[in-house]
């Protein structure tokens, strides 16, 4: 997959003050986002968060009511989809059912008035690159789901676009194929260097593919950042709860200063959180402490263990085991090894890694 | 099979058999009578098989029977019906397909309102329109002409064909349209190269409905076609009502069968497609 002769480098995408309205309902208002040339940006969020709407606006498939969109520095807010230099891959593949694979891939070039011989050559080259050569004469109905989506990727690729837009391209595939194609898309990005804007509700796809993730909810951007940053330092309770399986453990209590130390207090629990780096170190009041399952570990004999509870359930996953325990302050999950994990009913002493914990203002949901 | 089920089965067969007989009997009487000579028609029961079958009445009906003053049989009417039906069907199906495509797949402004108006048009009895339409046609010189009657058929066929195509196209995923737009295709290109090739089953349904409806039409043909272009149904009416002495029932039966043979053939030949088209939803990509 190394040597696809690709003419265009990735283009920057600028979205400035974007507003999208369906009827009288604002789906997106005043949204701004800059995507770097060659970047793999993932729009992540639950259904209805506006991520597909944003993608369709970049594609030019829906009307924008305020703001501007530029690609490669060129204002394309009112441009037709074909004039934006984009290739797009859809969740339902959207292959033309009565055309062969080759015709599907060449349709856009033919509409653009390219000579037959050149179309054939480009289709051939792209098919070779995606290992679709043996399928060129087939109809979409004769292909498997994974093959269909590869053809759809080929159709976007053949047009030599600067920007690729993916609208949940793997959601209709089964788990194994999804994992395979995910890797293929990542390789594709590495070898093309094009800008890719990728919409998904699947956090694994987001974490594995993205240079940066944009987490959205209710038409608003919640956080923008590298996968590790989004995962490690979520900006608010929504982002913290949306990423990670099992979910981040939330303990509800309050933060107060006690004789020069900052303490987090919850039912049956007092934690010294002075060492946590906070953006808002003077905060006092109702707060939520967020701890990832991998940041909780069982305390060895003699070790200090501020949390204690009873194991209620274990989920052995093969390489690791999820252990659920009931604390006074609520139910928590721990990520533990494949062996030597406790059994339901066991008493468990737990040590939190506070350096990796998150604290949120319960009133606003924001990270402290 | 136990006794109860056997009885149930027998009842079922008896009922369907009776129903089939009920519908087939008139057809049998017509075919039998059309193959008899007039003396035989007079003397035998209408249910009797022809003793000496003859195609004489069919020849008579096709080329010699009198409709009013003209005694040239139904053949002129047959060809008139063909030249009325073919363009009317093609145009009304094509326009219905374009309308349905525009209404279902392009979020045109006021699309719902336009569709509602069209449906109202489809449900108002069309006899109401005849007088104003005849007046308008005569004002623009379209009365009693071939284009006039074709236009009437196209106008009155359009609501139903639009409805059929709109419902079929509503099942096409919007992603397919979006993909074609990203590929740079416009309204007509998407219609011609993506949508129309997917439409075979529903085109068959629309063609069958329109072809049988227009072929069987009597009223529009009588009013709008004029003397030279009278369709077969109008000529048949004239033929059956023309009276000189004894009523030639054998010729009437043959003439009626000749008139009905086209829709009958369409149904028989395309029945499989028809059912498939009605049952078909959107074509899965």
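Compute the separation of the alpha-carbon centres of region A:281-314 and region A:47-116 and state it in Å as a whole number.
Cα centres, region A:281-314 to region A:47-116: 48 Å.
Where does each of A:257-269, A:208-220 land if you order them by average Cβ count within 10 Å, highest first?
Numbers: A:257-269: 13.7, A:208-220: 20.5.
The densest-packed peptide leads the list: A:208-220, A:257-269.
Have a look at B:249, B:28, B:218 and tell me which one the Gaussian network model of chain B (Cα, springs below 10 Å) gives the largest fluctuation.
Top of the fluctuation ranking is B:28.
Using Cα pairs closer than 8 Å and at least 6 residues apart in sequence, work out the relative contact order for chain A, in percent.
Values: 760 pairs, mean separation 59.1, N = 368.
Here the relative contact order equals 16 percent.
Full-extension gain between residue B:189 and residue B:14, please, as 0.36 nm times their residue separation minus the C-alpha to C-alpha distance.
Details: separation 175, 0.36 × 175 = 63.00 nm, distance 5.52 nm.
Value of the extension gain: 57.5 nm.
When the convex hull of the Cα atoms of region A:13-237 is projected onto a plane and the area is averaged over all directions, what value comes out in nm²?
Its average projected convex-hull area is 12.6 nm².
Per q in 0.12, 0.14, 0.23 1/Å, what log10 I(q)/I(0) does a Debye calculation on the alpha-carbon atoms of region A:167-272 return?
After summing over all Cα pairs, the log10 values are -0.56, -0.69, -1.30.
Kirkwood Rh over Cα pairs of region A:1-101 into Stokes-Einstein at 20 °C, 1.002 mPa s: D in µm²/s? Don't jump to the answer; show the numbers that get you there.
Working: Rh = 15.2 Å.
Roughly 141 µm²/s, to the nearest whole number.
Calculate the translational D of region A:230-296 in whole µm² s⁻¹ from Stokes-Einstein, where the hydrodynamic radius comes from the Kirkwood formula applied to all Cα pairs, the temperature is 4 °C and the viscosity 1.567 mPa s. Working shown, then result.
On the way: Rh = 12.7 Å.
After rounding, the answer is 102 µm²/s.
Which distance in Å, rounded to a whole number, links the C-alpha centroids of region A:120-193 and region A:207-250?
Centre-to-centre distance over Cα atoms comes out at 28 Å.
Say we join alpha carbon atoms closer than 10 Å with springs in a Gaussian network model of chain B; which of B:144, B:92, B:270 then has the biggest fluctuation?
Residue with maximal mean-square fluctuation among B:144, B:92, B:270: B:270.
Consider a paramagnetic label point 7 Å from the Cα of residue A:274 along Cα→Cβ; state which residues of region A:304-340 have an amide N under 20 Å from it.
Inside the label zone: A:304-307.
Counting only other chains, what is the mean number of Cβ atoms within 10 angstrom of the Cβ of each residue in peptide A:79-91?
3
Please rank B:66, A:49, fewest neighbouring Cβ atoms within 10 Å first, as an exposure proxy.
Details: B:66 17, A:49 24.
Fewest-to-most ranking of B:66, A:49: B:66, A:49.
Compute the FRET efficiency between residue A:347 and residue A:139 as 1/(1 + (r/R0)^6), taking r as their Cβ-Cβ distance and R0 = 60 Å, and round to the nearest 0.05.
Working: r = 63 Å, r/R0 = 1.05.
In this case the efficiency is close to 0.45.
Give me the orientation-averaged projected area of the Cα convex hull of region A:228-368, in nm², one decimal.
Working: hull surface 34.3 nm².
Its average projected convex-hull area is 8.6 nm².
To make sure I understand, if each residue's beta carbon is the centre and we count other beta carbons within 10 Å, what order do B:262, A:332 fall in, fewest to most? Don't jump to the answer; show the numbers that get you there.
Working: B:262 18, A:332 23.
By the 10 Å Cβ count, ascending: B:262, A:332.
Quick one: order A:90, B:129 by neighbouring beta-carbon count within 10 Å, fewest to most. Walk me through the intermediate numbers first.
Details: A:90 24, B:129 15.
So the ranking, lowest neighbour count to highest, is B:129, A:90.
Let me know the mean shielding of A:154-163 by other chains, meaning the per-residue number of their Cβ atoms within 10 Å of its Cβ. All intermediate terms of the calculation are to be shown ahead of the outcome.
Numbers: counts 0, 3, 3, 0, 0, 3, 0, 1, 0, 0.
Whole-number average of other-chain Cβ neighbours for A:154-163 is 1.
Could you tell me the convex hull volume per residue, in Å³, taken over the Cα atoms of region A:66-121?
Details: hull volume 7.1 nm³, N = 56.
With only Cα atoms used, region A:66-121 gives 127 Å³ per residue.
Using the 2.2 N^0.38 Å rule of thumb for compact globular proteins, work out how the protein assembly as shown stacks up: its C-alpha Rg over that value, please.
Compactness ratio reported: 1.44.
I need the fraction of alpha carbon pairs in region B:3-54 separated by more than 14 Å, rounded to a whole percent.
Values: 804 of 1326 pairs.
The share of Cα pairs beyond 14 Å in region B:3-54 comes to 61 percent.
Just A:340, A:172, A:56 to compare: in a GNM of chain A, with alpha carbon springs under 10 Å, which one fluctuates most?
Of the options given, A:340 has the highest mean-square fluctuation.
Report the rotationally averaged projected area of chain B based on its alpha-carbon convex hull, in square nanometres.
Working: hull surface 89.0 nm².
So the mean shadow area of the Cα hull is 22.3 nm².
Pairing the Cα long axis of helix A:116-129 with the longest principal axis of chain A, what angle in degrees results, from 0 to 90 and rounded to the nearest 10?
Compared with the principal axis, the helix lies near 30 degrees.
Between region B:26-51 and region B:137-161, what is the C-alpha centre distance in whole Å?
Centre-to-centre (Cα) distance: 40 Å.
To the nearest whole number, what is the average tally of beta carbon atoms from other chains within 10 Å of the beta carbons of peptide A:96-107? Walk me through the numbers on the way to the answer.
Working: counts 12, 9, 9, 3, 0, 0, 0, 1, 2, 0, 1, 8.
Per residue, the number of nearby Cβ atoms from other chains is 4 on average.
Values quoted throughout were computed directly from the atomic coordinates according to the rules given, and no laboratory measurement underlies them. Treat the numbers as computed from the prediction; the structure is a model and nothing was measured. Because the Cβ atoms are built from the backbone with ideal geometry, glycine has one as well, and the counts that use them run over all protein chains shown.
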